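Following: one structure in C-alpha cells, then a few remarks.
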Amino acid sequence: MRLRIPAYLYGSLAALALCVAATFLGIAAVEGRPSVVSPGVSVHGIELGGMTAPECLETIAALEAQLRASPITLTLGERVWQVELGALGLRLDGELITARAMEAGNSGFYFSRVLERRRIAREGLVLPLEARLEEECFRQVVGELTADLTRPPVDAKYHIGEDDTVRIIPHQDGYQVDFDRLEAEILAQLDQGTGGSVLTVPLIHIAPKYTTRDIEAMGLTGLLSVFSTDYDPSAVNRAYNISVAASALNNLLVAPGETVSFNRIVGPRSSEEGYRTAPVIIENELREGLGGGVCQVSTTLYNAVLLADLEVLERKNHSLPVSYVPVGQDATVVYGAIDLRFRNNTDSYLYIKTSAADGRITVKIFGNHHNHPRVEIKSVVIETIDYRTIYEEDENLEAGKEVVKQVGVRGYRARTERWIWRNGNVEKEELPSSFYHPVPEIIAVGTREVPAVVVLPGGDETTESPTAGQDPRPPEGNNGSTNPSLETPLEFGPRMGDGDQETRARH
C-alpha cells in the first residue's frame, strides 16, 4: 500500500528547504569574509588572534624595531664582537606575516574552515618570522669586523734574484667569511626565539690557484743562458722600438713542448701598437720603416735560445750582415712573413726575462739548470762574394768628376754550428746556413761641361764657353781652377776584406 502525501504539504516542504538553504548560505557568507585573525595565531611569541590587518601590521612593525635594537654576539678565534641586528640590516616582511595570519583558518570550504579554526584555537599556530638581512649592509659590517682575520689567497711564485738565483715564495691560503651560512644561523636563531646566544663566524678556506707544489713541479731551478747585444741609445726611435718588443717578451712562461712564435708574442709592428719609424733593412737597403730595431730583439733572443740548447724551428738571416752579432748568428723577422720560432724541448717550464736600457738589450732564459750542458756557438765565413761597381751618369756633376753614391758591400755565405758538451764529449749541430747578398757600389760620373775662364787685360776675368777651334785651357802662367774634393761617400753596410775594418748595418 503506497503512502500518499497530501498536495498541500508539498508547498510547506519546499518553503522549509528554502529557509534552511538561505540560513546555511548566510552563515557561509558571513564566515567567508574574515575581518580578524583567528584565535591562537601568533608570531615570535606575540598573539595575533582577534587583530585586524592594520593592527597586525602595527604589531609586527613594533616587533621589528625591538629586534633591530637587540644585540648579537659574534666570535672568531679570540675576537668577540657585539653588534645590533639593525646594524646588520635586519628586516621583517610585515605584509607577508599579516597575509598569512589573516589566511589561517579562513580558506577552503565552510566546514573545513570551522574545523581548522577549532584546531588553531586548541593547538595554536606559530607563524614564521619572515626575517631577512639586507645583503649589502650585512656583508659590509661583518666584513669590516673580520677584516684583519680574513685574507685572499696568494699564489706561490718564483723570485729571481739580482744574481740570477731562483727561489720559490710559498703560497698562502685564503680565508673569507661564509656570509650565507652566517646569515642562515642568525635568522634561525631569531626564528627559534633564542636571541642573545653566541655565534661563531664561519670561514671558507680558499686555495690559491698555484700552490707551492705546483710551482716546484714546473722545474725552474736556475739560469740556462744569457745573451746581450748593444745598441745606440741616441737613436731614440730605434731604442724605443727595442724596449717595446723586449717588454712583450719579458716574463714569458713556456710550458714543456710548447712552441714560441716571436711574431705571435710581439705582435704587429704598427703605430697602433706603439712602434716608431727607424731604419730597417728592405731589399738589401737601409730604409725608414715602422719597427726598426725589432730584429735586434729577435736576434738577441735567438742566440739565448741557442745557448739554452733549445730546438729552433724557424729562423732566417738578414739580407745584409748586422753589426751587433757575428755573421750567421742573426735572426730577422717580418710580421706575417718571416718568423723566429723555437720549441721548449725540455721536461720543465722555461721563464724568459728581458731588459733593454742604457744601450744594451739582454735576454735570460731560466729552466732546470741541473745537468744543463755547456754550449758554444761558432760561425765562420765560408765564401766571400765581391760586389759589382755601377757607374751612373750625373749631369749635375762636372765632367771628369766621380762621386761614390753607395759604398759596395761584399756578400757572404756563413756556416754556424752549435757545440754541445755532454759527459766530456762534444756534439756539433749544424745550424741553418746564412747568405748575405752583395750590394753593388754605385759611382756617379759627371757629364756637365766645364766653362772656360778667360783673363782680360787689367786683371778682370770673364767666363766664356769655348767655341770651335778655341783651346779651353787657360793661358800658360795662369792658375787654373782646382777641382774641389770629392764628396764623402755614405757608408751604410759592411765592406770587409783582408785586413779591412768591419762595418755593418744596424737593423
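Bear in mind these aren't lab numbers, they're just calculated from the coordinates by the rules spelled out. Since this is a predicted model, take the numbers as computed values, not measurements. FYI the Cβ positions are ideal-geometry reconstructions off the backbone, even for glycines, and counts take in every protein chain you see.
Couple of notes before you dig in:
- Contact order normalised by residue count of the range 118-245, Cα under 8 Å, 6+ apart, percent: 25 percent
- The loop-placed chymotrypsin sites (Phe, Trp or Tyr not before Pro) in the range 50-127, going by DSSP, that have at most 11 neighbouring Cβ atoms within 10 Å of their Cβ come out as PHE109.
- Semi-axes of the equivalent ellipsoid of the range 213-261 are 31, 13, 10 Å, computed as sqrt(5λ) over the eigenvalues of the C-alpha gyration tensor in descending order.
- Per DSSP, loop GluC sites (Glu not before Pro) in the range 68-105 with at most 16 further Cβ within 10 Å: GLU78
- Radius 10 Å from Cβ of ARG341, net charge of other residues (Lys, Arg +1; Asp, Glu -1): 0
- Environment charge of LEU145, counting only residues whose C-beta is closer than 12 Å and scoring Lys/Arg +1, Asp/Glu -1: 0
- Square roots of 5 times each gyration tensor eigenvalue, C-alpha, the range 218-372, largest first, Å: 26, 15, 14
- Look at the alpha carbon pairs under 8 Å that are at least 6 residues apart: their mean separation over the length of the range 218-372 gives a relative contact order of 40 percent.
- Dividing the mean sequence gap of close Cα pairs (under 8 Å, 6+ apart) by how many residues the range 361-414 holds gives a relative contact order of 51 percent.
- A cut-off under 14 angstrom between Cβ atoms defines the neighbours of ILE168, and their net charge, with Lys, Arg +1 and Asp, Glu -1, is 0.
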